[in-house]
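What follows draws every value from the coordinates through simple rules; no lab data is involved. Quick caveat: nothing in here was measured; it's all calculated off a predicted structure. Cβ atoms come from the backbone with ideal geometry, glycine included; neighbour counts cover every protein chain shown.
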């Protein structure tokens with residue numbers, strides 16, 4: 001298992017020879033840009049390689065009861081290492097295609113080989129080009145780390161990265177009305193409520209209403 005690859009190139013100020021290339025989505029000057037891992041005081045924001053599927057799987061396994069009530073039904077094989085090896089490969093292809101950036105949140109409080117080092121995720125997906133220049137944000141955090149400000153810390157690093165990397169104008173984020181913790185987090189991050197969608201997503205076997213929010217670049 002290649003544990004060192006998660007951290008060795010995680011920097012923001014120097015070229016990373018292992019960086020992942022992704023196309024800029026600018027409607028004015030398309031170009032190829034590179035994803036570089038980011039660090040904060042307590043966290044890494046990374047795109048793990050397929051060899052790290054076991055650590056990602058452990059995160060979802062230990063948070064199954066915590067996360068599933070808020071997310072769409074899991075696909076077949078979701079809780080297997082093979083699924084995550086394939087998914088992590090696909091994540092890198094999506095970045096190269098300019099359609100998504102799916103990051104995992106890794107604790108800096110433990111060593112790079114600690115089995116529970118992955119403590120969250122933040123996904124910038126459904127990237128739309130051209131006149132819209134927008135994406136959808138989704139995120140989750142290990143139940144043992146809720147209430148410590150870690151998700152806010154991760155998103156304060158990840159959101160500017162998404163705006164810059166893909167030249168976005170808008171990032172959208174939607175939450176269930178009963179998930180007030182998520183609503184408060186989004187407001188602290190500068191997201192503004194733009195609407196209310198009835199039966200927006202099928203979650204935990206039922207169609208659920210969602211509050212619609214967005215954050216504009218520079219806002």
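Can you figure out the FRET efficiency of residue 207 with residue 146, using R₀ = 35 Å and their beta-carbon distance, to the nearest 0.05?
Efficiency at R0 = 35 Å is approximately 0.85.
For the range 45-87 and the range 152-181, what is the separation of their Cα centres, given in Å?
Taking the Cα centre of each part, the range 45-87 and the range 152-181 sit 21 Å apart.
Normalise the Debye intensity by I(0) for the range 140-194, one equal point scatterer per Cα, no solvent, then take log10 at q = 0.22, 0.23, 0.25 Å⁻¹ and round to two decimals.
-0.95, -1.02, -1.14
Give me the number: length gained by fully extending residue 58 to residue 125, i.e. 0.36 nm times residue separation minus the C-alpha to C-alpha distance, one decimal in nm.
Length difference between fully extended and current span is 21.8 nm.
Residues of the range 153-174 with the amide nitrogen closer than 19 Å to a label point 7 Å from the Cα of residue 39, along Cα-to-Cβ, please.
Within reach of a label on residue 39: 153-159, 161.
Would you work out if the range 93-219 is rounded, prolate or oblate? Take a ≥ b ≥ c from the square roots of the eigenvalues of the alpha-carbon gyration tensor; rounded if a/c is under 1.5, else prolate when a/b is larger than b/c, oblate otherwise.
oblate
Under a plain spin-label model, where a point goes 7 Å from the Cα along Cα-to-Cβ, how far apart in nm are residue 188 and residue 114?
With each label point 7 Å from Cα toward Cβ, the separation is 2.1 nm.
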